[in-house]
Amino acid sequence: MATVQDKIKDIISLYKTDFDRIDKEERYKWIAIKHFQDNWDIDAPDFSDMLESSFAKQINLLGPSGVYKPLLVLTAFAQRDPETLRELFRTLYDKNLPIEIRTSSFTDGVELFVAKMKQEDPNRWKNTFQDQRALAVYLTFKYPEDYYLYKYAVLKSAATLLGFKLTSNRLSDCQQMYDTIREVASQDAELIKMSRDRLGPDCYQDPNNRMLAQCIAYFAQQVQDKKVEAQKLAEKPAIVTEFKKWLEEPTRKNGKPYDYKTIRVYIQFLEAHVKGRVPSYEGNINLFTYDKIASYKPQYEQLLELIDRDDASVNGAFPNVLRLYEQFLIEREAEPSQPAVVTPVDKSKVYNRDKFLEEVYLTADDYDSLIDQLIRKKNLILEGAPGVGKTFAAVRLVYSLIEEKSSERLRFVQFHQSYGYEDFVIGYRPNPNDAGFVLEEGAFYTFCMEAKKDPENEWYFIIDEINRGNISRIFGELLMLIEADKRDEKYAVRLHGVDEPFYVPENVNIIGMMNTADRSIALIDYALRRRFAFYRIEPAFENENFRDFMESKNSNQFNAVIELVSKLNDEIADDKLLGPGFKIGHSYFCIDDAITSKMLRDIILYEIKPLLSEYWVDDPDKVNEWTSNLLGAV
């Protein structure tokens, strides 16, 4: 079996082959360090100007990139209070002090500055951005022989490719992995000469090859990311990817691209769903097998004929995707056309899968599973413990599917004990202008009627606290109509007081939320359970994005509290009277502001402790013990 060192040698071989390209991308780091060291002067009369000049070549290591803006914070700090920031840097760069004291003093000082600025403009000043990544840049620029630049994405991908095992201490892992790469790289005379020769007088000369080791790790990240992408693409024929990109073109559907969920449905139809929808079809059930219009055309015509003849169980989407695939193949074999004119979009409203994964602490696989269940059942329930962000996830899931932050095709209701059929479907209510009663349409009935007018788009109905209502009383005959295979006019029923038969249209999706720790209500109705897919959202304390969020807060107290809450969740899960459904969720700690001791104490005393008191109502000593432990971490 290949060792870590063997794998590093393999990567170095690839690195040397691709040296010119990677050098063009990465040489700025050597230039940035040299520029910093030529300009840095802690005693400069104009500290603000010196700071800005010293970091002028950093490109994107300190932002601005997206929402990551550590240097912008320091620049404002230097303009407002240069002497205080000068002393913070003096301490940070004092090698006689322990590194923990140096970094905590720096971050605490910037936190105080940001707290003052928030009083002037709370909307702008929400974060210090002085995380481990930023601190590593400051230290490496000053002492490149002692420190490494740090970025978790690079560490994670490179470690995966090289077989380097990671622990919970990321900075230590980074140090060890880069040291190992450096040791192997230093033994390659050809590589060292290549690296030395490209370093001009404007570059840091890297005598110990530490920057070279980091560059190799960055290259390893690129190799690993491409490997993962290639593995995904290898699972499908190339034409599937081509068709997907064709559907994603900006003007494909009435001036818009098809959304993520629709594309997944269409690809599934063409890959394997033909037999289920047209049982008498005898061709290859994977229509992507037919990648030329000459071979596909007979299958397309046969399918349309069978659909008309046998009244196959299809909806409008299936014939539509057959037609789209034909159009795709025709265009694919024709001469290239002029690029379509793209209508500008309001980027502030754009929302997609990537944005969902940025904001919701779920993985890409979790997201795809949610979509697959929604496609399969049309009805989905997100269940989980208090504070796991069920409602937040549900709304943003819908945003990602309609691809914008919009409520146009989204409705939201909350069930409770008094909520009834007349609120949800239809019923008679007192007429405020008369002594009699008037027939009024309920929220879901109105929603379905609107969705029917827009069959080309998916509509989403969200029900909060779905298990708090009397399900049979609220849904009535709709329990049958919401089933995925009953979304058709032939299953329509006549509602009391309405002339036109009613059915739930194909393009209506229902998403419910259920708190698994609410013992004041009965188990959810089994009839409803059979009609929904259930997805458990877990506390995200071990999620990579949440760990990055913790890292960005740069608070040892915050980290200690989170680690204790994770242990507390283990005890809750092992409790026979509670179980995993009673764990404490991460949203209690999703804090935009800078972390303070008072803030953590308030969360523990006024949010976590009352919850524990409800859980262990007969064991106050355990409540006090855990409360004391959590406060001790603060």
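Roughly what angle does helix 390-402 make with the longest principal axis of the chain, taking Cα atoms, 0 to 90 degrees, to the nearest 10?
Taking the Cα atoms of the chain, the angle to 390-402 is about 80 degrees.
Which GluC sites (Glu not before Pro) in region 381-446 sit in a loop by DSSP (not H, G, I, E or B) and have at most 15 other Cβ atoms within 10 Å of their own Cβ?
Glu408
Can you give the angle from 0 to 90° between the axis of helix 99-120 and the longest principal axis of the chain, with both taken from C-alpha atoms, to the nearest 10?
60
Where in region 357-381 is the amide nitrogen less than 15 Å from a point lying 7 Å along the Cα-to-Cβ axis of Lys244?
364-369, 371-372
Averaged per residue, what accessible surface does region 113-233 expose to a 1.4 Å probe, in Å²?
Ligands and nucleic acids excluded, the figure is 47 Å² per residue.
7 Å from Cα along Cα→Cβ at both Asp518 and Asp593: what's the point-to-point distance in nm?
Those two pseudo-labels are separated by 2.9 nm.
Starting from region 152-234, pick out the trypsin sites (Lys or Arg not before Pro) whose DSSP state is loop and whose Cβ has at most 14 other Cβ atoms within 10 Å.
Of the trypsin sites (Lys or Arg not before Pro), the ones in loops of region 152-234 whose Cβ has at most 14 other Cβ atoms within 10 Å are Lys165, Arg198.
Between Phe412 and Asn208, what is 0.36 nm times their sequence separation minus the Cα-Cα distance? Round to one decimal in nm.
67.4 nm
Could you work out [θ]222 nm for the chain from helices alone, using -39500 (n - 2.57) per DSSP H run of at least four and dividing by all its residues? Round to the nearest 500 deg cm²/dmol.
-16500 deg cm²/dmol
Once you have the Cα-Cα distance between Ala443 and Val4, take 0.36 nm times their residue separation minus that, and quote the gain in nm to one decimal.
That pair, Ala443 and Val4, stretches by 152.0 nm at full extension.
Using a simple spin-label model with points 7 Å from Cα along the Cα→Cβ vector, what separation in nm is obtained for Tyr606 and Lys156?
3.4
Taking the Cα centre of region 443-486 as origin, sum charge times position over the Cβ atoms of Lys and Arg (+1) and Asp and Glu (-1), and report the length of that vector in debye to the nearest 20.
220
Just in region 472-515: which trypsin sites (Lys or Arg not before Pro) are loop by DSSP and have at most 15 other Cβ atoms within 10 Å?
Arg494
Between Rg and the Kirkwood Rh of region 121-175, both from Cα atoms, what is the Rg to Rh ratio?
On the Cα set of region 121-175, Rg over Rh gives 1.11.
Arrange the residues Thr103, Thr167 by how much accessible surface each exposes, largest first, with a 1.4 angstrom probe.
The residues order as Thr167, Thr103, largest area first.
Mind pulling the angle between the C-alpha long axis of helix 152-162 and the longest principal axis of the chain? Nearest 10 degrees, somewhere in 0 to 90.
90
From the C-alpha gyration tensor of the chain, pull out the three semi-axes of the equivalent ellipsoid (sqrt of 5λ each), sorted largest to smallest, in whole Å.
51, 36, 23
Apply 1/(1 + (r/R0)^6) to the Cβ-Cβ distance of Val617 and Ala527, taking R0 = 35 Å, and write down the FRET efficiency to the nearest 0.05.
Result of the calculation: an efficiency of 0.60.
Between Gln187 and Ala364, 0.36 nm times their residue separation minus their Cα-Cα distance comes to what?
Taking 0.36 nm per residue and subtracting the Cα distance, the gain is 59.8 nm.
The values are calculated or read from the model by the stated rules, or taken from the named source; none is laboratory data. Keep in mind that this is a model prediction, so the values were computed, not measured. Virtual Cβ from ideal backbone geometry, glycine too; neighbours counted across all protein chains shown. All accessible areas refer to the heavy atoms of the entire protein, side chains included, with ligands and DNA or RNA removed. Shrake-Rupley method; radii C 1.70, N 1.55, O 1.52, S 1.80 Å.
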